1. In contact with a helix residue (DSSP H, G or I) (Cβ under 9 Å, 6 or more places away or on another chain), more than 17 Å from R34 (Cβ to Cβ) and of a type in the set (D, E, K, R), is that true of K94?
2. Whether any residue in the range 15-23 is under 22 Å from T126 (Cα atoms) and at pLDDT 95 or above is what I want to check.
3. Could you grab me the full set of residues in the range 38-92 that are more than 21 Å from G127 (Cβ to Cβ) and among the hydrophobic types (A, V, I, L, M, F, W, C)?
4. Determine, yes or no, whether N108 is closer than 16 Å to K130 by Cα and without any contact (Cβ under 8 Å) to a residue 24 or more places away in the chain.
Amino acid sequence: MKTLFAGFALATVVLSSYASAQTYLCELNDPRGRNVIPPEILIEFSKDGSAKITDAFTLHYGIAPLKARFSEDNSKQMRARWRLKDVVNPRGQKATLDFSLVYKKQRNRAHVTFKALGFDNTDSGTGTCKMVK
């Protein structure tokens, strides 16, 4: 777990070099314990509305922060969708992973969903987010 936090600290430093509007750190629960819901997700919005995502998967596989396929940040909610391509699981199976996060600011509630394309695997988790920059 210390490695994960160190990775997020490093990612925060690296990402801070981008011109950003808001940066959120979301802490999430994986209720089924399948290790497919990242415990933490860092979302950094740029002034142009685009977002970059860093999570446990990008850190584990040494992937640079991912550009969100969709992002929105307004006074009521923050939303982001991102995709990890060609991730290999411990059984050697390759998959593309889709994630979607919605953060309702008034309630301080985050909801993330996971889908492994081409497989029946789906999962979801909930948690909270806070602005870190």
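1. Values: in contact with a helix residue (DSSP H, G or I) (Cβ under 9 Å, 6 or more places away or on another chain): no; more than 17 Å from R34 (Cβ to Cβ): yes; of a type in the set (D, E, K, R): yes.
Criteria not met by K94.
2. Here is the first cut: in the range 15-23, the ones under 22 Å from T126 (Cα atoms) are 22-23.
Then drop every residue that is not at pLDDT 95 or above, which leaves 23.
Checked against the condition, which is being under 22 Å from T126 (Cα atoms) and at pLDDT 95 or above, the range 15-23 yields at least one hit.
3. Within the range 38-92, I63, A64, V87, V88 qualify.
4. Details: closer than 16 Å to K130 by Cα: yes; without any contact (Cβ under 8 Å) to a residue 24 or more places away in the chain: yes.
Against the criterion (closer than 16 Å to K130 by Cα and without any contact (Cβ under 8 Å) to a residue 24 or more places away in the chain), N108 qualifies.
The values are calculated or read from the model by the stated rules, or taken from the named source; none is laboratory data. What you see is a predicted model; the values in this text were computed from it and never measured. All Cβ positions, glycine included, derive from the backbone under ideal geometry; neighbour counts span all protein chains shown.
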